[in-house]
Amino acid sequence: MKTVRDLMTPDVVWVTPSTRVKVAITFMKGHNIGALPVLVNSGLVGLVTLYEVLGEPQDSPVEDLMSREFTTVEPEMTAYDAAKLIRDTGTTHLIVVENGQMVGILSRSDLIMELGRTFDPLTELPWSDSFREWAMNALKGGNEISIILFDLDKFGVFNKKYGHVVGDKVIKSVADVLSKGIDPDLELLCRYGGDEFGIVTVRHADEAIALADVLKERISKIEIPEVPEGVSTSYGMFGGRRTKEREDIHYAATIDDLITRASKNCTANKPHKAPLPAAEKAMPLSEIPAAQIEQQAGRAARLKIQTINFSSSGTEAKVGVTLKKGVDEFARESSGYAVGEESILRLFAEAAAGAACKSLAADHRIVVEDASIQESGKDDEIVNVVALYVNPRSSVRLTGCALVRRGDRYRAAAAALLDAVNRQIEIAPSREPEEELYSHGKTE
């Protein structure tokens with residue numbers, strides 16, 4: 001995860017208390033910055049922002065307008081912690097100090113640009129990119145890691161029965177329980193996607209399982225008035241013990257392998273629906289209602305886009321996708337920061353993936369890994385999506401593409417996801433898991 005040092009503006013422009021407002025404004029506009037530290041003999045005495053001086057008498061000294069309360073941080077603070085500090089203090093800028101000397105300044109907008117790519121605005125947890133970065137750094141540092149994936153049970157029922165507002169409340173409550181239950185020195189928690197959460201930890205396998213068991217129990221005790229049946233979750237764990245010494249290891253491949261195996265372990269631990277009564281399974285075709293026959297026939301159809309809704313407020317955005325398969329409809333909404341073209345493309349693909357998951361068996365999952373756009377040789381644009389299709393037997397990496405029509409790149413992202421998924425649904429996945437890089441110390 002990036003630190004304040006990675007994001008701050010070094011070589012800070014500063015002023016003295018006697019500097020006139022017109023000079024301060026010139027400095028800020030000329031250097032395209034929103035604030036100036038105020039120094040006396042190299043000592044910080046205040047902070048003046050462009051907002052405070054605009055419209056004020058041009059010849060007034062900044063000491064009449066500056067804030068004498070300011071917040072300093074060290075350069076090694078994480079971007080996430082810096083963002084929480086800005087939120088909690090209500091400030092717009094942090095002054096970066098190292099060994100008693102000012103070495104930089106960090107603005108709220110600097111953090112928004114960074115965290116918009118890597119953090120979930122609903123739970124304030126990092127997305128999977130920070131999760132992977134943390135895991136990779138841990139491996140490079142010589143640590144063994146365990147991957148724990150939590151997946152809420154029957155979360156789609158909450159959204160259908162109680163609506164997305166209650167669904168969001170469930171997600172935030174689970175995130176809060178998980179956040180309070182981990183040790184930041186040993187692990188990182190992320191919102192992996194939809195109703196899934198991931199923990200990467202340097203704990204040994206047995207300790208990781210013990211942690212997961214405790215967290216699962218705490219989640220079961222969450223009380224939400226709108227959800228009388230309570231909240232439950234399943235988890236899968238993999239890693240924590242090396243089967244052989246690493247030789248020229250590919251860290252990214254190792255992390256992908258651990259995540260895939262933890263995901264399959266989680267799927268295997270999910271509660272399954274009870275089998276149909278024998279009488280119902282043996283019902284003659286002539287006695288099955290016509291609507292039910294039509295519905296069953298529809299399950300073999302391809303998934304198609306029914307509707308797409310997009311809304312945004314500032315940098316936050318929500319995408320709702322409804323898919324149709326025969327006579328059935330499946331809907332899902334995804335939220336995130338809309339910062340940059342590819343982040344929005346991915347948001348549309350994730351919403352489509354979430355809706356598509358609802359059409360699959362309970363033990364199948366689709367996880368979006370990448371969404372990008374490219375130009376073809378005929379001046380057309382093509383959206384490409386890469387996703388991971390996970391079932392109890394194996395995991396398959398899928399790719400899909402869609403031509404941008406009428407300039408709608410975002411709908412094309414959803415269509416590209418369906419292009420990949422529909423082709424996978426039509427075949428029986430047969431790829432077996434590759435040779436294990438890790439063994440899990442315990443599965444239950």
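The values are calculated or read from the model by the stated rules, or taken from the named source; none is laboratory data. For clarity, every value in this text was computed on a predicted model and none was experimentally measured. Please note: Cβ atoms are built from the backbone with ideal geometry, for glycine as well, and neighbour counts cover all protein chains shown.
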Pairs with Cβ under 7 Å, 6+ apart, first in region 395-412 and more than 16 Å from I308 (Cβ to Cβ), second surrounded by 15 or more Cβ atoms within 10 Å (Cβ to Cβ) and modelled with pLDDT under 75: V396/P429
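Just checking, which of M136, M66 is in contact (Cβ under 8 Å) with a residue 24 or more places away in the chain and over 29 Å from the mean Cα position of the chain (by Cα)? If you could, list the steps in order and put the result at the bottom.
On the way: M136 fails: over 29 Å from the mean Cα position of the chain (by Cα).
Of the residues listed, the single one that is in contact (Cβ under 8 Å) with a residue 24 or more places away in the chain and over 29 Å from the mean Cα position of the chain (by Cα) is M66.
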Filtered residues of region 26-45 (kept if within 38 Å of the chain's Cα centre (by Cα), touching a residue at least 40 places away in the same chain (Cβ under 8 Å) and either part of a helix (DSSP H, G or I) or surrounded by fewer than 11 Cβ atoms within 10 Å (Cβ to Cβ) (or both)): none
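For the structure I just gave you, tell me whether V23 is over 19 Å from M102 (Cα atoms) and either free of Cβ contacts under 8 Å to residues at least 24 places away in the same chain or of a type in the set (D, E) (or both). I'd like the intermediate steps shown before the answer.
Working: over 19 Å from M102 (Cα atoms): yes; either free of Cβ contacts under 8 Å to residues at least 24 places away in the same chain or of a type in the set (D, E) (or both): yes.
Judged against the criteria, V23 is a match.
Here is a yes/no grid of residues against (1) at pLDDT 90 or above; (2) more than 30 Å from D129 (Cβ to Cβ); (3) part of a loop (DSSP other than H, G, I, E, B); (4) of a type in the set (S, T, N, Q):
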| position | (1), (2), (3), (4) |
| --- | --- |
| E69 | no, yes, yes, no |
| L85 | no, no, no, no |
| L94 | yes, no, no, no |
| G104 | yes, no, no, no |
Check on F330, at pLDDT 90 or above, within 17 Å of the chain's Cα centre (by Cα) and within 25 Å of T123 (Cβ to Cβ): no
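State yes or no: is V48 in contact (Cβ under 8 Å) with a residue 40 or more places away in the chain and in contact with a helix residue (DSSP H, G or I) (Cβ under 9 Å, 6 or more places away or on another chain)? Talk me through it step by step, then tell me what you get.
Details: in contact (Cβ under 8 Å) with a residue 40 or more places away in the chain: no; in contact with a helix residue (DSSP H, G or I) (Cβ under 9 Å, 6 or more places away or on another chain): yes.
No, not satisfied.
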Of the criteria (1) surrounded by fewer than 16 Cβ atoms within 10 Å (Cβ to Cβ); (2) part of a strand (DSSP E or B), which one P17 fails: (2)
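Name the strands (runs of 3 or more DSSP E) wholly inside region 117-217 in which the number of residues that are of a type in the set (V, I, T) and either surrounded by 15 or more Cβ atoms within 10 Å (Cβ to Cβ) or touching a Ser or Thr at 6+ places or on another chain (Cβ under 9 Å) (or both) is 1 or more.
On the way: elements: 146-152, 187-193, 196-201.
Ranges flagged: 146-152, 196-201.
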Meets criteria (of a type in the set (D, E) and either under 23 Å from L125 (Cβ atoms) or not assigned by TED's automatic domain parsing to the domain that holds V12 (or both)) for D81: yes
Qualifying residue in region 75-84 (condition: surrounded by fewer than 17 Cβ atoms within 10 Å (Cβ to Cβ), touching a strand residue (DSSP E or B) at 6+ places or on another chain (Cβ under 9 Å), of a type outside the set (A, V, I, L, M) and farther than 30 Å from K172 by Cβ): no
Those residues of region 153-183 which are modelled with pLDDT under 85 and under 23 Å from G236 (Cβ atoms), in sequence order: K154, F155, G156, V157, F158, N159
Residues being modelled with pLDDT of 85 or more and among the polar types (S, T, N, Q) - total across region 350-397: 3
Residue within region 194-203 that is modelled with pLDDT under 90, within 22 Å of G230 (Cβ to Cβ) and not charged (D, E, K, R) present: yes
Test: residue in region 98-109 that is free of Cβ contacts under 8 Å to residues at least 40 places away in the same chain, surrounded by fewer than 20 Cβ atoms within 10 Å (Cβ to Cβ) and on the phi > 0 side of the Ramachandran plot: yes
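Can you give me the number of residues within region 53-67 that are part of a helix (DSSP H, G or I) and surrounded by fewer than 17 Cβ atoms within 10 Å (Cβ to Cβ)?
Residues flagged as part of a helix (DSSP H, G or I) and surrounded by fewer than 17 Cβ atoms within 10 Å (Cβ to Cβ) within region 53-67 amount to 1.
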